[in-house]
1. Is at least one residue of region 80-93 aromatic (Phe, Trp, Tyr) and under 22 Å from Gly32 (Cα atoms)?
2. Which numbered condition in (1) modelled with pLDDT under 95; (2) in contact with a Phe, Trp or Tyr (Cβ under 9 Å, 6 or more places away or on another chain) is the only one that Val114 fails?
3. Could you please tell me which pairs satisfy a Cβ distance under 8 Å, a separation of 6+ or placement on different chains, a first residue in region 31-57 that is at positive phi, and a second residue that is acidic (Asp, Glu) and surrounded by fewer than 16 Cβ atoms within 10 Å (Cβ to Cβ)?
4. I need a count of the residues in region 1-55 that are part of a loop (DSSP other than H, G, I, E, B) and surrounded by 13 or more Cβ atoms within 10 Å (Cβ to Cβ).
5. So is Asp74 without any contact (Cβ under 8 Å) to a residue 40 or more places away in the chain, touching a helix residue (DSSP H, G or I) at 6+ places or on another chain (Cβ under 9 Å) and not β-branched (Val, Ile, Thr) or not?
6. Looking at (1) more than 11 Å from the chain's Cα centre (by Cα); (2) closer than 16 Å to Ala110 by Cα, which is the only condition Val4 fails?
7. Cβ contacts < 7 Å: first residue buried (at least 16 other Cβ atoms within 10 Å of the Cβ), restricted to region 87-100; second residue in a strand (DSSP E or B) and of a type in the set (Asp, Glu), any location; separation 6+ or different chain. Result?
8. Would a scan of region 62-81 turn up a residue that is within 13 Å of Val109 (Cα to Cα), of a type outside the set (Ser, Thr, Tyr) and in contact with a Ser or Thr (Cβ under 9 Å, 6 or more places away or on another chain)?
Amino acid sequence: MKSVREQDVSGDRIGPPHQRVIRHLVAPWTMGSEHLWFGTSSVDPGFTSNAHAHDEQEEVFYCVSGQGRIRVGDEEGTLEPGVTVYVPPGAVHQLINDGDQILKVASAVAPPFVPEKYREDHLIEESGD
């Protein structure tokens with residue numbers, strides 16, 4: 001059985017203007033998954049993820065803690081613990097933390113990210129673990 005504790009994964013730390021941490025919990029390069037990527041994103045208060053789309057992947061976000069908003073295409077919705085949002089392939093999306101706590105979401109992506117395209121989409125120069 002393969003398992004990982006989130007706190008043991010340093011992940012990708014992205015600085016301003018899109019300050020957040022993305023942790024790869026299940027990925028082809030971490031656990032050998034073939035059809036899925038699963039991880040967490042923690043967006044610092046007052047920051048957003050960069051607006052981006054994944055041409056071939058669909059993504060699901062589940063709000064774990066904190067509060068904020070999410071944009072998907074031309075729509076915007078509230079994120080709070082327990083809210084789940086589906087993002088179809090090709091839809092521009094963005095996490096927005098307009099609260100005073102870290103906004104933490106878990107997300108699943110299928111098919112899984114390809115490392116080079118993931119870094120390009122998320123504006124990351126170097127990959128973490």
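The values are calculated or read from the model by the stated rules, or taken from the named source; none is laboratory data. Given the structure is predicted, the values throughout are model-derived calculations rather than measurements. Note that each Cβ is placed from the backbone with ideal geometry, even for glycine, and that neighbours are counted across all protein chains shown.
1. no
2. Only one criterion is unmet by Val114, namely (2).
3. Close Cβ pairs satisfying both conditions: Gly46/Asp98.
4. Residues flagged as part of a loop (DSSP other than H, G, I, E, B) and surrounded by 13 or more Cβ atoms within 10 Å (Cβ to Cβ) within region 1-55 amount to 19.
5. Considered against the rule, which asks whether it is without any contact (Cβ under 8 Å) to a residue 40 or more places away in the chain, touching a helix residue (DSSP H, G or I) at 6+ places or on another chain (Cβ under 9 Å) and not β-branched (Val, Ile, Thr), Asp74 comes out as no.
6. (2)
7. Qualifying pairs under 7 Å: Val87/Glu58; Val87/Glu59.
8. No, there is no match, as no residue in region 62-81 is within 13 Å of Val109 (Cα to Cα), of a type outside the set (Ser, Thr, Tyr) and in contact with a Ser or Thr (Cβ under 9 Å, 6 or more places away or on another chain).
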